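> Got a structure for you, written out below as structure tokens; questions coming shortly.
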Amino acid sequence: MIRVKDLSAGYGEKIILDHVSFRVYEGEIFVILGGSGCGKSTLLKTIIGLIEPCSGRITIDGQQVLANDETTMQTVFRKIGVLYQSAALLGSMTVAENVALPIREYTSLPEEAVDLLVRMKLGLVNLEGYEDHLPSELSGGMKKRAGLARAMALNPKILFFDEPSAGLDPVTSAELDELILRLNRSLGTTMVIVTHELQSIFSVAHRVIMLDRLARGIIAEGNPVYLRDHSQNEFVKRFFNPQAGMMGVDPGIFP
Amino acid sequence: MTPPETSGFSPYEISENPEGGVRVCIRGDMVADNAGKMINDLGLLLRGRSLSSLTVDLKHVNYFDDFGALLLAQLRELVPGGRDSFFIVNASERIRDLLSILHFDSLNIRKVVEKKPSPGMFIRLGDATLRHVSDLRYAVSFIGSICLSLIHICRHPRSLRSDDTVGYMQRVGVDGLPIVALISFLMGLIMAFMSSVQLEQFGANIYVASLVSLAMTRELGPIMTAIIVAGRSGSAFAAEIGTMKISEEVDALFTMGFNPVMFLVIPKLVAAAVMVPILTLFSDLFAVLGGLIVGIFMLDLTAGAYMDQTMKTLELFDVFWGIFKGGVFGVLITWIGCFRGFQVRGGAASVGQATTSAVVSSIFLIILCDSLFSVILRYWG
């Protein structure tokens, strides 16, 4: 579904990712992991054509991503949906108008059908009844869900998530994971998720790649449970078992 | 059973059931790209038939997503008997699963309600009054907190954030000088040119110098400078504080124990109060220069005579009065800019409104304040 070959990306002189190659298969939930500053978000933005790569080739569903070619990018954008870290809802429009925006633009549905579809989408993300709210009236978790409803308004083949659990409480975050799994199952959507929430990774990911700042590329690839139990790489082990490296608190100092 | 009807390469097959009712068999994909067309086509094909019941056969559907569910919901609306006379047959497990996730059974089309009629004149008038009163209350309390901060600064001059103040001085004053100079120069040029057309008839060319210098130093210099500063810096102040407000930076300052007014407003206020008078002075100089050029090249005056007449007309008081007005305008612009910035709530649109409102209110207040100054001068002088 997505093919990244020999990709190098960065900002100006600074190369963050050096000759990275991987593939994402159809219907898969693919997670990009790594510590802070390792280039996870840069990789995501490069794949979706927001940043031009220094070298390398990216194809999405057979279409090469060319950041500077507007016509090509229009075709690519029809195939993908992106949930941004801050949800990026348009503040001047209600939740329903936000979700209806791409539907009105790209389909010829009559107005009452758009209304029903928007309610269906919002129902999918458990936001029924919030159609007329402005984004500023929603909580963080609700904004994320509304952002997700907008990202999948046209049922794209691939959904990208930039840190979907960031800033959410564990319960809301688990609900979002459940939603991701449900959408993947029912619609067969391919998902690419950037995250470092361990709980999410184990509950949703089919396959992960782990990036490292020093290696400027992928240091591990595979099933998260397998990597946790069998990886020989020190960083990968520490990432999946963060408690192991921590010093225990001496219980003796507490009464 | 009547033979099925198919229209060319149509993906629908419609037949009458022997026991009454209509059966629609759909082929291919039911997705976003064709949902709109399918809804229209099937609506036309089924119109006029007696739909005692409608059975939709999904056996030959390859791909089905929520746009497909939307189509089914629309078809269900066509059946007079409603849910009891609408049947879906041969749906795959994935389709049934998706329909249950979408709560298909409880979905219903609702008429798109017209937008709520706008409230009556009196309600709007009342709302606007209340809004302006609360605006005014906030504006007065904002002036109060600025005064308290200024008193604090006078007592503890070290608490003024001097680096920020110097930075703002550069942005308001130094960076604004080229545009202020250019516009004032052109104003002087235009005024001299326009007045010379009239004064030449009376052989009173030399009074062009008096007109340009007096009008610019007393009135137009401070006003033009203030309007330019309102457009450049007042809007920037509102946008800066507004953006800080929505990204919770102002709250962060507050919880760190800083007074946001002291931290964000006072440096800007001091910078504008110092730099707008200096810009006004430059504006006067460049306007006189503009007039001088017209005087020399169009009116055959000598530079000496023109400057001599300018010096004779102007009193020191006129120059200082203009500079003083510039200082007051600078304070007004900063006050309004920061005030609008602090009023920002919500998102990006609110920042835009605050910026617009900062510039419009500043210009209005500048003109209003200038009129007051003219009245004061009239009775005082």
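> Only residues that are touching a Phe, Trp or Tyr at 6+ places or on another chain (Cβ under 9 Å) and surrounded by 24 or more Cβ atoms within 10 Å (Cβ to Cβ): list them for the stretch B:272-282, please. Quick ask: steps written out before the conclusion?
The first filter runs over the stretch B:272-282 and keeps only residues touching a Phe, Trp or Tyr at 6+ places or on another chain (Cβ under 9 Å), leaving B:272, B:275-277, B:280.
Of everything in the stretch B:272-282, those that are touching a Phe, Trp or Tyr at 6+ places or on another chain (Cβ under 9 Å) and surrounded by 24 or more Cβ atoms within 10 Å (Cβ to Cβ) turn out to be B:A272, B:M275, B:V276, B:T280.
> Restrict the check to the stretch A:184-198 and report whether at least one residue is part of a helix (DSSP H, G or I), touching a helix residue (DSSP H, G or I) at 6+ places or on another chain (Cβ under 9 Å) and buried (at least 21 other Cβ atoms within 10 Å of the Cβ). It would help to see each step written out before you state the result.
First pass over the stretch A:184-198, keeping only residues part of a helix (DSSP H, G or I): A:184-187, A:198.
With touching a helix residue (DSSP H, G or I) at 6+ places or on another chain (Cβ under 9 Å) added as a condition, the list becomes A:184-187, A:198.
Filter once more, so that each one left must be buried (at least 21 other Cβ atoms within 10 Å of the Cβ): A:187.
Looking for residues that are part of a helix (DSSP H, G or I), touching a helix residue (DSSP H, G or I) at 6+ places or on another chain (Cβ under 9 Å) and buried (at least 21 other Cβ atoms within 10 Å of the Cβ), one finds at least one in the stretch A:184-198, hence yes.
> Something else now. Find all pairs meeting these conditions: Cβ atoms under 6 angstrom apart; at least six residues apart or on different chains; first residue within the stretch B:246-271 and basic (K, R); second residue in a helix (DSSP H, G or I) and crowded, with 17+ Cβ neighbours inside 10 Å.
As it stands, the answer is B:K268/B:Y168; B:K268/B:F237; B:K268/B:T334, since those pairs meet every condition given.
> Could you grab the pairs with beta carbons closer than 6 Å, sequence gap of 6+ or different chains, first residue in the stretch B:299-323 and touching a residue at least 40 places away in the same chain (Cβ under 8 Å) and under 15 Å from B:P277 (Cβ atoms), second one surrounded by 15 or more Cβ atoms within 10 Å (Cβ to Cβ) and of a type in the set (S, T, Y)?
B:D318/B:T217; B:V319/B:T217; B:G322/B:T217; B:G322/B:T280; B:I323/B:T280
> Condition (residue is acidic (D, E), part of a helix (DSSP H, G or I) and farther than 23 Å from B:I278 by Cβ) applied to the stretch B:225-241: is it met by at least one residue?
Let us first name the residues in the stretch B:225-241 that are acidic (D, E), namely B:240.
Of the ones still in play, those that are also part of a helix (DSSP H, G or I) are B:240.
Imposing the further condition that a residue be farther than 23 Å from B:I278 by Cβ reduces the set to none.
There is no residue in the stretch B:225-241 that is acidic (D, E), part of a helix (DSSP H, G or I) and farther than 23 Å from B:I278 by Cβ.
> Output the helices (runs of 4 or more DSSP H) that fall wholly within the stretch A:54-156 and possess 2 or more residues being aliphatic (A, V, I, L, M) and touching a strand residue (DSSP E or B) at 6+ places or on another chain (Cβ under 8 Å), or say none.
A:140-151
> Go through the stretch B:24-71 and give me each residue that's over 43 Å from the mean Cα position of the chain (by Cα), closer than 24 Å to A:M152 by Cβ and aliphatic (A, V, I, L, M).
Scanning the stretch B:24-71 gives B:I26, B:L58, B:V61.
> Any chance the stretch B:329-347 includes a residue that's crowded, with 20+ Cβ neighbours inside 10 Å and of a type in the set (S, T, Y)?
Yes; the residues of the stretch B:329-347 include at least one that is crowded, with 20+ Cβ neighbours inside 10 Å and of a type in the set (S, T, Y).
> Inspect all residues belonging to the stretch B:162-183 and state whether any of them is in contact with a Lys or Arg (Cβ under 7 Å, 6 or more places away or on another chain) and over 30 Å from A:D132 (Cα atoms). Show your work before the answer.
Taking the stretch B:162-183 and keeping what is in contact with a Lys or Arg (Cβ under 7 Å, 6 or more places away or on another chain), we get B:168, B:176.
After this cut, where a residue has to be over 30 Å from A:D132 (Cα atoms) as well, the list is B:168, B:176.
Yes, the conditions are met somewhere in the stretch B:162-183.
> Scan the stretch A:132-141 residue by residue and report those that are away from chain B (no Cβ under 11 Å) and either surrounded by 15 or more Cβ atoms within 10 Å (Cβ to Cβ) or at positive phi (or both). Lay out the reasoning, then the answer.
Narrowing the stretch A:132-141 to residues away from chain B (no Cβ under 11 Å): A:133, A:138-141.
Listed by number, the residues that qualify are A:H133, A:L138, A:G141.
One line per residue, one yes/no per condition, for (1) hydroxyl-bearing (S, T, Y); (2) within 8 Å of chain B (Cβ to nearest Cβ); (3) closer than 20 Å to A:F160 by Cα:
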| position | (1), (2), (3) |
| --- | --- |
| A:N68 | no, no, no |
| A:M73 | no, no, yes |
| A:F77 | no, no, yes |
| A:I80 | no, no, yes |
| A:Q85 | no, no, yes |
| A:E97 | no, no, no |
| A:P102 | no, no, yes |
| A:E112 | no, yes, no |
| A:D115 | no, yes, no |
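Read-outs throughout are calculated quantities, based only on the coordinates presented, and are distinct from any laboratory measurement. Predicted model only: the values in this text are computed from it and were never measured. So basically every Cβ, Gly included, is an ideal-geometry build from the backbone, and we count neighbours across all protein chains shown.
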